[in-house]
Amino acid sequence: VFQDMILIGAFRCVTVVLGLIALKHIAVSFVATIKSSSPLFTVIISRIMLGEKTGIWTKFSMVPITIGLGLCSSFELSFNVFGFLCALGTNIFEW
């Protein structure tokens, strides 16, 4: 149990640090938009790590999320690649 708690705590620590780094480089609204794509990352990571298959309707529901994230990223005035990757990292480590 103690080893699991250390792992969960380390992941949470990385999530907070990446979020703060992302906020340093890009706008708060853009970070929130990127973090709203977390359902997409949950589906992808659960497929990779657990082998869980998702239904066709779940996959279709990810299309608007992906398109919206792409549109927001392409027109964001404060876009910074490093900040964007850090914000995406928060989604990965929150899983």
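The values are calculated or read from the model by the stated rules, or taken from the named source; none is laboratory data. On a predicted model such as this, the values are computed, not experimentally measured, just so you know. All Cβ positions, even for glycine, are placed from backbone atoms using ideal geometry, and neighbour counts span all protein chains on display. Each accessible area value is taken on the protein alone, full model and side chains, heavy atoms only, with ligands, DNA and RNA left out. Shrake-Rupley method; radii C 1.70, N 1.55, O 1.52, S 1.80 Å.
Tabulated results
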read-out	value
HN-Hα J in Hz across the stretch 34-41 - Karplus 6.51, -1.76, 1.60, θ = phi - 60°, x for Gly and Pro	5, 5, 6, 8, 4, x, 4, 5
Only Lys, Arg (+1) and Asp, Glu (-1) charged, at Cβ; the chain dipole about Cα centre in debye	100
Principal axis dimensions, the chain - Cα atoms, whole angstrom, descending	45, 35, 16
Residue-averaged [θ]222 nm for the chain, counting only DSSP H segments that reach four residues, each worth -39500 (n - 2.57)	-25500 deg cm²/dmol
Extension gain from Ala10 to Val63, taking 0.36 nm per residue of separation minus the Cα-Cα distance	15.9 nm
Paramagnetic reach from Phe82 (point 7 Å along Cα→Cβ, amide N under 13 Å) across the stretch 1-38	21-26
Spin-label pair Val17/Ile48, simplified geometry with 7 Å Cα→Cβ offset, distance in nm	2.0
Stretch gain in nm, segment Ala32-Leu71, where the contour uses 0.36 nm per residue and the Cα spacing is subtracted	12.6 nm
Per residue, in Å², the accessible surface of the chain once ligands and nucleic acids are set aside, probe 1.4 Å	68
Whole-percent carbon and sulfur share, accessible surface of the chain, 1.4 Å	75
